[in-house]
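Working notes, structure below.
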Amino acid sequence: MELSKNFQHGEAEQKWYEHWNNSGYFNSKPDDRPPYTIVMPPPNVTGVLHMGHALNNTVQDLLIRRAKMQGYNTCWVPGTDHASIATEAKVVGMLRERGIDKKNLSRDEFLKYAWEWKEKYGGIILQQLRKLGCALDWDRTNFTMDDNYYAAVIRVFVELYNKGHIYRGVKMINWDPKAKTALSDEEVNYKQTNSKLYYVQYKIDSDTEEYITIATVRPETILGDTAICVHPDDPRYAHLKGKYCFVPLINRRIPIIFDDYIDIEFGTGALKVTPAHDLNDYNLGLKHNLAVVDTLNEDGTMSEAAQLYIGEDRFAVRKKIVEDLKTAGNFVKEEEYSNQVGFSERTDVVIEPRLSMQWWCNMQDMAKPALENVLNDNIEFHPAKFKNLYRHWMENIKDWCVSRQLWWGQRIPAWYDAEGTIYVANNADEALEQYRSKKPELAASNPALRQDEDVLDTWFSSWLWPMQVFGWNEAPDNKDLQYYYPTNTLVTAPEIIFFWVARMAMAGYEFMGKKPFDKVYFTGIVRDKQGRKMSKSLGNSPDLLKLIEDTGADAVRFSVMISSPAGNDLLFDESQLEQGRNFCNKMWNAMKLAKGWESRVSDSVKETNTFAIDWMEQRIAKVSLEVDELIKDFRLSEALKLIYSLIWDDFCSWYLEWVKPGMDQPIAKNTYEKTIAIYEQLLQLLHPYMPFITEEIYHALKERATGDDLIVRQLPVYEGLNQELLNHGAMLQELITAVRDTRNKNQLKPKDTIKLWIDTKHTGLYKQVEHILARQVNAEELGYTADAKQGAISIVVQTDKLYIEAAAAAIDTGAQKEQMRKELDYLKGFLVSVEKKLGNERFVQNAKPEIIDAERKKQADAEAKIKALEESLSLL
């Protein structure tokens, strides 16, 4: 096999993804192995892959791949969400381009176009996930509008209605004038906005020229005012009890009411009351029996009830009415004002509070087990800090507005007779049966029922995701559901903790009687290096597919995982891509170096690399055990950093240099075979993070039998460590580094040989590593001494003294003294701090025994090194 200069990611990605998929490695069926299951948060069917998806899906993929390598039967379920608001907007846009207005279409005609759009464009994102390397079970792909899924959503609505949880009623809701639908409270994003506070005076209905002044940020709603409210204890307005005033411009006569809801300190202490356009005003209106005047149409234009500006946009009217109030003499002043304004999470337009007849779901009873089982860690949150956020929302949960004024989605299964009676059923035939049974005479004379026009909130379908992807509705006791549910890990973003995580927990306990997942891992938000959230409008969101094409999926996966602390935002910098690509090239070159030795393998060469091999195997064991613990705690970034350092530093920079044969020299067969085996273990550790290059190198290292693929190679289980061997390896690294640094400081060229004399009590260690040490520092002679070598360069490593003799060296004893004194000063300061800690009675009493032992070891080591340095200094 001819090896390319660098890793060719494009060819490898296509080759290996097809191979894994065609080999059935992504597919799962229940068997005797323990399951490890993840359900993908279904991206919107309108979605295109972006950096957030790269992070979220890389995390899921590495968890799945690692579990597969640990013997689990892994199942990762893909799918898409029908995304009512977003998809309907896309379809309306497509129709507009064709010169078709949605208003001129029947519901069925519109839905034909919607399905046409979905079949053509929907699911592009799933194809794009293949480019990232996601090991998804494509045979299990779900869509929240599939027939079986649709039926499950309808069933849940009917069951909750029959239990008394779902009801219909008029309430103040959040209205999206662009999407022309109601929104739940969770679908509103509040932003701090710079507004203006307008002061407007209303004339009192009396013989005098008296006015009462209010302050408002929404002067366009003045036309819907039906009262002015003041505090009963406010002396400024006590004389206005029982009085009326006139709404400016339209002269509607409205009462002045008194209520302790009013904040005397805010503004003028007088509040305009607009029951149709503010929740608090609506509640005041109910209490004081006020009229409700709805001045807005569903698209945010002024209604006929406003009397003025009919059909004009609300924000255009805001400017106009201020000018007209000035002309009429009702305008007093305006001030700069900062306030929170609600925006639609879907369309990013300012929402309008609006009174509306909607369908609601009471959540209080369902919230109890979902809250209790998070607080007691039956469902674990990682990081745990999100438990408080979750608890606060669940303890203050409100009824969920589940109806949406759209056509794309699950249509509400409620039918009405001519008298307005509601029949909730799984289908029209069941509703007719109810009707005929309840009202036989009316049904005989007027047999038709009318179905509710609204659809259900998209989240009302996706809260069933962990159950329904395994066929809950079709057969609640089916083999798949029994085996894969509850799922193991949910990977999601904290911004949908209420939309989705909480509701899935509620649905799980309500319909399955158990939790939907064991653990929830919250990723952070991907931001640019300035800390800004990535968005198209800011132009700071890189084209993910282009990044994959240019640098490779492995480099992209590396770049998002190397700096991704659990639950905290990720500051993405394209330099991390470069680091990922360099890592790929480093590993590729290491493979080429090792493969280059294959032709030089000899059975007759004496094995001299036992120490290096044993040490590297121990390093792998140590890091593997640490990675295990880190991944259990979802400290995925830290685990990758350990693996990266193990490969780049320990393997490439140290091990390969230690075992590398001399120019044109043979290599022992055992050394070569062990080196290949060691590299295979390293590739196993890294594979879940960077699957393509690891699989490519694994197959490049040697010929493989069919089915011998890295993706399914089981990770070894490590028990116990040879700590002495690890310490000896670290000491060898320290010795080589110290001697090399000394050579450089004394202008010794790499080709210049030295004689190295060692004053040590640990000759056993040195005997094991003599040949490595001598070769790595270019020592023609290596010996042991108990006496100082006059005229040699002296250094101290830990407690050992080393003397370097070199014919080419210009020894600067002054520089040596200065360096040793600096080190001595540092060590003395360090020793004082350790002694201070050990002299603190409270520390000694409260600290764990192993911590005290560690501090005492630091003390002993520092004392020994100080003694060695002082002896060396005295000899200079």
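The values are calculated or read from the model by the stated rules, or taken from the named source; none is laboratory data. Since we're looking at a predicted model, the values are computed, not measured. With ideal geometry, Cβ positions are generated from the backbone for all residues, glycine too; neighbour counts draw on all protein chains shown. Heads up: the accessible areas ignore ligands, DNA and RNA and are worked out on the full protein's heavy atoms, side chains in. Shrake-Rupley method; radii C 1.70, N 1.55, O 1.52, S 1.80 Å.
Quick notes on this one:
- Index of the failed condition, A475 passing every other in (1) among the small types (G, A, S); (2) open to solvent by 10 Å² or more (accessible area, probe 1.4 Å); (3) in contact (Cβ under 8 Å) with a residue 24 or more places away in the chain: (3)
- Of the residues making up region 725-737, those that are surrounded by fewer than 15 Cβ atoms within 10 Å (Cβ to Cβ) and under 17 Å from S794 (Cα atoms) are E734, T737.
- The criterion of being of a type outside the set (K, R) and either in contact with a Cys (Cβ under 8 Å, 6 or more places away or on another chain) or closer than 13 Å to V39 by Cβ (or both) does not hold for M534.
- Selected residue (only one of N6, N21 is surrounded by fewer than 19 Cβ atoms within 10 Å (Cβ to Cβ) and in a loop (DSSP other than H, G, I, E, B)): N6
- Test result for R713, closer than 21 Å to R775 by Cβ and either in contact (Cβ under 8 Å) with a residue 24 or more places away in the chain or not basic (K, R) (or both): no
- For region 103-123, taking the residues that are over 30 Å from A555 (Cβ atoms) and touching a residue at least 24 places away in the same chain (Cβ under 8 Å), the one that is surrounded by the most Cβ atoms within 10 Å (Cβ to Cβ) is identified as A114.
- Q70 without any contact (Cβ under 8 Å) to a residue 24 or more places away in the chain, open to solvent by 10 Å² or more (accessible area, probe 1.4 Å) and among the polar types (S, T, N, Q): no
- Looking only at region 484-510, and only at residues there that are of a type outside the set (D, E) and closer than 15 Å to K368 by Cβ, the one that is surrounded by the fewest Cβ atoms within 10 Å (Cβ to Cβ): Y509
- Within the option set L55, L95, being out of contact with any strand residue (DSSP E or B) (no Cβ under 8 Å at 6 or more places or on another chain), open to solvent by less than 40 Å² (accessible area, probe 1.4 Å), assigned to a helix (DSSP H, G or I) and of a type outside the set (S, T, N, Q) holds for one residue only, L95.
- Of the criteria (1) among the aliphatic types (A, V, I, L, M); (2) at pLDDT 95 or above; (3) out of contact with any Cys (no Cβ under 6 Å at 6 or more places or on another chain), which one A276 fails: (2)
- The set of residues in region 203-246 that are β-branched (V, I, T), touching a Cys at 6+ places or on another chain (Cβ under 9 Å) and farther than 30 Å from G342 by Cα contains only I204.
- Highlighted here are the strands (runs of 3 or more DSSP E) found entirely within region 124-219 that include at least 1 residues which are open to solvent by less than 50 Å² (accessible area, probe 1.4 Å), modelled with pLDDT of 95 or more and touching a helix residue (DSSP H, G or I) at 6+ places or on another chain (Cβ under 6 Å): 166-176, 188-204.
- The residues in region 471-496 that are part of a loop (DSSP other than H, G, I, E, B), at pLDDT 95 or above and in contact with a strand residue (DSSP E or B) (Cβ under 8 Å, 6 or more places away or on another chain) can be counted, and the count is 2.
- Among all residues of region 658-670, there is at least one that is of a type in the set (D, E, K, R), under 21 Å from A774 (Cβ atoms) and open to solvent by 60 Å² or more (accessible area, probe 1.4 Å).
- Strands (runs of 3 or more DSSP E) fully within region 738-826 that include at least 3 residues being surrounded by 17 or more Cβ atoms within 10 Å (Cβ to Cβ): 754-759, 793-797, 800-805.
- Matching residues, region 383-423, being more than 28 Å from N104 (Cα to Cα), among the basic types (K, R) and in contact with a helix residue (DSSP H, G or I) (Cβ under 8 Å, 6 or more places away or on another chain): K387, R391, K398
- The numbered conditions (1) under 13 Å from W359 (Cα atoms); (2) exposed (fewer than 14 other Cβ atoms within 10 Å of the Cβ); (3) not hydrophobic (A, V, I, L, M, F, W, C) are all true for R411 except (2).
- Taking the criterion of being among the aromatic types (F, W, Y) and either free of Cβ contacts under 8 Å to residues at least 24 places away in the same chain or in contact with a Leu (Cβ under 9 Å, 6 or more places away or on another chain) (or both), the residues of region 752-794 that qualify are W757, Y766.
- Test for A621: is it open to solvent by less than 10 Å² (accessible area, probe 1.4 Å) and either within 24 Å of G662 (Cβ to Cβ) or of a type outside the set (G, A, S) (or both): no
- For region 320-340, a residue qualifies if it is part of a strand (DSSP E or B) and either in contact with a helix residue (DSSP H, G or I) (Cβ under 9 Å, 6 or more places away or on another chain) or buried (at least 16 other Cβ atoms within 10 Å of the Cβ) (or both), and the qualifying residues are F331, V332, E334.
- Single condition V156 does not satisfy, out of (1) touching a Ser or Thr at 6+ places or on another chain (Cβ under 8 Å); (2) farther than 30 Å from N339 by Cβ; (3) of a type outside the set (G, A, S): (1)
- The sole residue among I100, I85 that is without any contact (Cβ under 8 Å) to a residue 60 or more places away in the chain and either assigned to a helix (DSSP H, G or I) or surrounded by fewer than 18 Cβ atoms within 10 Å (Cβ to Cβ) (or both) is I100.
- Of all residues in region 104-135, those that are under 19 Å from K546 (Cα atoms) and of a type in the set (A, V, I, L, M) total 5.
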